[in-house]
Each structure stands twice: as structure tokens, then as C-alpha cells.
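Below you'll find the structure, written out as C-alpha cells, and then a few comments.
The values are calculated or read from the model by the stated rules, or taken from the named source; none is laboratory data. What you see is a predicted model, and the numbers here were worked out from it, not measured in a lab. Using ideal geometry, Cβ is built from the backbone for each residue, glycine included, and neighbour counts are taken over all protein chains shown. In case anyone asks, the SASA skips ligands and DNA or RNA and just uses the protein heavy atoms, side chains included. Shrake-Rupley method; radii C 1.70, N 1.55, O 1.52, S 1.80 Å.
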Amino acid sequence: MEIEEYIKTLPEGACRPCGKGRYSLIARTKLGDVSAEQLDVINGVVKEFGLPGIRVTGKQSIQLLDIPVNHLQDVVERLGNIGDTCKYFVQACPGTRACRLGMQDSFAFAAKLRDFLNTFDLPAKLKSGVAGCSMCCAEPFVRDIGLVGTKKGWTVVFGGNAGKTVRKADVLGEGLNEEEAFAVIGKALDFYRENAKKKERTARFVERVGFDAVLEAIHGS
């Protein structure tokens, strides 16, 4: 099989060209968590194939760089799972699991959010950030979906963007429990899915239809 055809069989975004006949691979991780067994496998691959090392990406992933084309298939087979398990990017801070400032278990919520988002087919890519406190280390206010943990529960925000045209997300609800937060997120995404243009991110969508229309879709029904 030609290398171009082989790459097409891999998960989307898992393999990328680095130039000069070399490629990079994303090792599958869950919200940046890596087990001891995964570390052993990754370290073994790096040593066996003489790779320069790894890169921890801004998406909380582990990327192996400069893989020669003649070793690409072997590296994939040795790594096992590659690519992401969620169609849409979810970022999370440790929250109460490993931070003295954490008000909510952001990691556990983010894990459930990944599964929840997999049930949607949206018109454009979607990025989410789940922060366990108001320090907002997971950047929720510049994500399409953002959550901020407080003593009273979750604050849910919508329509943020950190791209060329930055937009701060608007607040959909405050002091929500987990069930309420998912209900609000679901209604917002349903409205977005049904009314957005193809490839229109939530920030541009909110600017076009107005945030009041989003609120009406959530709280008016």
C-alpha cells in the first residue's frame, strides 16, 4: 500500500507530514492523562526507532516527531491507539483532583463532556474548556463551550473564540449542578446545530443571530 493510502486509513489528525519524508503521530491520551504503561510504550518506541523525543501539545496530547516514512507503519503498530477519542476538543485543568484552588472536579466533568459531545454532529469544529475555579486555567471564556467551577456549582458559557478575531463567551447559566449544566449545553448545541451555517463557529454564530436568541432557545422552551 502506498504511504498516502495508508495514512488515509489512520484516524483523522493522528498523522501529519513534517517534511523531507518524515511524519508525526499523536499518541491517544485522555485529557492529557498518561498511564505508566503508556509511558513505557512511548519511551520504547522513541528509543527503538531513534526518534528525537516527544512534544506535549497545547491540546494536552503527546506527539512523536520526525518519524521516517519507512518506519511509520511500524511505529503505529507499536504505539497501538493513536489519534483522539472525541470528535471535538475538550481541555481541562486538574480541578479538585490536584489543585488547592479547585472548586469542582473539572477533570471528571470533562471526561463526561467528551462522551456527551460525541453524540452531536455539528456544522463546524468545537472546542471546550473546563476549569475547576475562576482562575480559568482551561481557558473556558475563549472556547465554544466553557465551564467554570464555583462553590455553588458550574457556570456555563458559550460562543468564545481565541482565533484571529477573539470573542469572550457569554454566560448561559450559573450555579448549575452537573445535570443542569449538561441540559443547558445540549440546548445551546441543538440551537447552534439547527441554525448555524456550514463551518460557522459558535462565536460568529452568536454575533450573527444575537445572544438573546441563544438564551431564548435555552430558557424560553
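Of the residues that make up the stretch 142-154, is at least one more than 23 Å from residue 112 (Cβ to Cβ) and of a type in the set (Phe, Trp, Tyr)? Looking through the stretch 142-154, none of the residues is more than 23 Å from residue 112 (Cβ to Cβ) and of a type in the set (Phe, Trp, Tyr). Where strands (runs of 3 or more DSSP E) sit wholly within the stretch 1-84, those with at least 2 residues that are farther than 30 Å from residue 138 by Cα and open to solvent by less than 80 Å² (accessible area, probe 1.4 Å) occupy 62-68. Residues that are surrounded by fewer than 20 Cβ atoms within 10 Å (Cβ to Cβ) and either in a helix (DSSP H, G or I) or touching a residue at least 40 places away in the same chain (Cβ under 8 Å) (or both) within the stretch 89-101 comprise 96, 97, listed in sequence order. Restricting attention to the stretch 1-30, the residues being in contact (Cβ under 8 Å) with a residue 24 or more places away in the chain and under 15 Å from residue 55 (Cα atoms) number 10.
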